[in-house]
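Enquirer: Take a look at the following structure, please.
The values are calculated or read from the model by the stated rules, or taken from the named source; none is laboratory data. Keep in mind the model is a prediction, meaning the values are calculated, not measured. Here the Cβ is made from the backbone with ideal geometry for all residues, glycine too, and neighbour counts use every protein chain on show. Heavy atoms of the whole protein, side chains included, go into the accessibility calculation; ligands, DNA and RNA do not. Shrake-Rupley method; radii C 1.70, N 1.55, O 1.52, S 1.80 Å.
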Amino acid sequence: MTINPLGPIAALTAFFSIWFGHVAVRKIESISPTIWIPSTIFAILGLSCEWLSVKASSLQIATVFGILGITFLFDGFELNRQQKRIIKGHAPANPHNPRHVKILKEHPFATTLDHLKREPIKLRVVAH
């Protein structure tokens, strides 16, 4: 019986690229004065990885680049969605970022409160 490492390689690549993407989107969106520059960088990285995945001679390397590519492309899209979350107050605004200062002034639900950095309370959440 031959062991096929493609499954674990794909799983680890997906896990770590999604984890990195989640953290990177929150951090980059928080500190970046514009959204289009990091979105463009993510798009270029994503398209480059997808091109490398098509050109790779190894199935394992093609899998890694394919997963990284689609993750980078999605992260570029997710930067815009993160900004919308900040406008709605679902994610914290950075009061030291001029773009966020403008959001805080123009949108009443925008907040600097990070809902992920709080002590949970033992109340039942009721859906409206």
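Enquirer: Under a point spin-label approximation (7 Å from Cα along Cα-to-Cβ), what is the Ala11-Arg118 distance to one decimal in nm?
Expert: 3.6 nm
Enquirer: Viscosity 1.567 mPa s, temperature 4 °C: what is the translational diffusion coefficient of the range 21-68 from Stokes-Einstein with a Kirkwood Rh over Cα pairs, rounded to a whole number of µm²/s?
Expert: 110 µm²/s
Enquirer: Further question on the same structure: What does the accessible area per residue of the chain come to in Å², with a 1.4 Å probe and no ligands, DNA or RNA counted?
Expert: 73 Å²
Enquirer: Working only with C-alpha atoms, what are the Rg and Dmax values of the range 59-122, expressed in angstrom?
Expert: So, for the range 59-122, Rg and Dmax equal 16.6, 51 Å respectively.
Enquirer: If I stretch the segment between Thr2 and Trp36 completely, what's the gain in nm (0.36 nm per residue apart, minus their alpha carbon distance), one decimal?
Expert: That pair, Thr2 and Trp36, stretches by 7.6 nm at full extension.
Enquirer: Points 7 angstrom from Cα along the Cβ direction at Ile70 and Val101: gap in nanometres?
Expert: With each label placed 7 Å out from Cα toward Cβ, I get 4.2 nm.
Enquirer: Sticking with this structure for a sec: Give a residue-ordered list of calculated ³J(HN,Hα) values for the range 32-44 (Karplus: 6.51 cos²θ - 1.76 cosθ + 1.60, θ = phi - 60°; whole Hz; x for Gly, Pro).
Expert: 7, x, 9, 9, 5, 5, x, 4, 5, 4, 4, 5, 5
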